[in-house]
Amino acid sequence: MADEHAQTLKDFWKRFMVSGLFVVAALVIILACLAWFLNNSQVRVNGVGVDAAGARFAIFSDGDRQGVYDQAAGDVGLDVADSMNVSATSNLVNLSFGDTLGPGSYGQLTFTVTPYASDLRDVQIDISREFRDKQGGAEVSDTVKALASGHILFFTSRDANGYYESPILGEQLTKGSSVLSYRLTVAKSEFQDTSGNTTNSVTKTLYWVWPEYIQNFVYTGNANYYKNLFATDDVKDPAGQSYAAMQGYINDHQDSFYSISSGQTIPRLSSTMTSADLSACAAAYNKADDEIGNAVEYYQVRLTASEVTTP
C-alpha cells in the first residue's frame, strides 16, 4: 500500500513538473529591505552604527552590505529608510541582481538586540509583510497577501540536518486581515546578567522557508524525495510539537495556504490522510504558488521591535 501511495505521488509530481509552475521562482523577486522600527527610541540601525539618543535598546543586523533591491523597492512606494544589511548567511535571497525567491527557497536572518538600559523588559518583535504587484507597484489583493504570507514561513530553530522546529505562528495571518504578522519575544531573562541587570546582548536567528510541496508538511525525515520540514512527527517525538502545530495551523487557516474555488472543500492535513486527499491538497497549494508568482513582484519583511511595558 505504501509503495502504491508513493508511486501515485511520483506520477502526480511528474505531471506537475512539466506544467510550468516552477517558473514562479523566476517571477517573484525578493525585496532586499527589512525595515526596523524601534518603539519610542528614534534608533536607526544599519548594521554599522547607531544613533541612539535616549534609546533603551537597539538592534543590529548580521550584514555587511545593502540589499540589491532597496532602490527599486523605494521607487514603488515601499519604506526602505531603515533597510537591514544582508550577508552571505543572513538574507532573503537578495544579495545579487537576478536573485529570486520561489517555492523551495530557504535561508535565515540573524540580528542582535543590545540593551541600553539596566532594567529592560521583554522585547517583542512583530514580523509583518508588504507586497507590491507587477502592475506598477500597486498593493496586491488581500487574497494574495494571505497566500504569500502563508507560503513563506518563519521558525526559531533548524537542526544540523535542515529540519525545522518551533514555527512562529499568529492569529493575524488570515485572509482579509489588514495586518499580517507573527511575533517573536526576547525575554527579559535573556538580557540579564548574574546580578539581574539587563546588560547582555541577545542574538536571534529566524529561519525562513517557502516549502515547495504540501507533502513537506505531511512526510517527515527523508521519506520519499521531498524536502520535508520536520524530522519526526509528534507520535514518535512527544517532546516536539512543531509537526502537529503546523498541520493544525494550516487546517485552521486554509485561505492562507490554498487557492480555494467557491464551494470547494479542502481536506485536513494529517499523518494518516489518504493519497487522494493529499493530492487534492497538493493541487490547491500549487495553484496558490502560481497565483503568488503571477501577482507579486516585491515582497518586504518588516520587523517591528518594541519593549513590553505591561506586566
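A short reminder: the numbers here are calculations on the coordinates, not readings from a lab. Small disclaimer: the values here were computed from a predicted structure and weren't measured. Note that we place each Cβ from the backbone using ideal geometry, even for glycine, and neighbour counts take in every protein chain shown.
Taking packing as the residue-averaged number of other Cβ atoms within 10 angstrom, the listed peptides 123-129, 211-217, 197-203 run from highest to lowest as 211-217, 123-129, 197-203.
Suppose the chain between residue 76 and residue 189 were pulled fully straight at 0.36 nm per residue; how much longer would it get relative to their current alpha carbon spacing? Let's see the in-between values first.
Working: separation 113, 0.36 × 113 = 40.68 nm, distance 4.10 nm.
The span from residue 76 to residue 189 would gain 36.6 nm if fully extended.
When each of the peptides 254-264, 63-73 is scored by how many other beta carbons lie within 10 Å of its residues on average, the order from highest to lowest is 63-73, 254-264.
For residue 128, neighbours were defined as the other residues whose beta-carbon sits under 13 Å from its Cβ, and their charges (Lys and Arg +1, Asp and Glu -1) total +1.
A Förster radius of 45 Å combined with the Cβ-Cβ distance from residue 202 to residue 264 puts the calculated FRET efficiency at roughly 0.50. With 26 Å as the limit on Cα-Cα distance, the pairs of 134/204; 204/227; 145/287 that go past it are 134/204.
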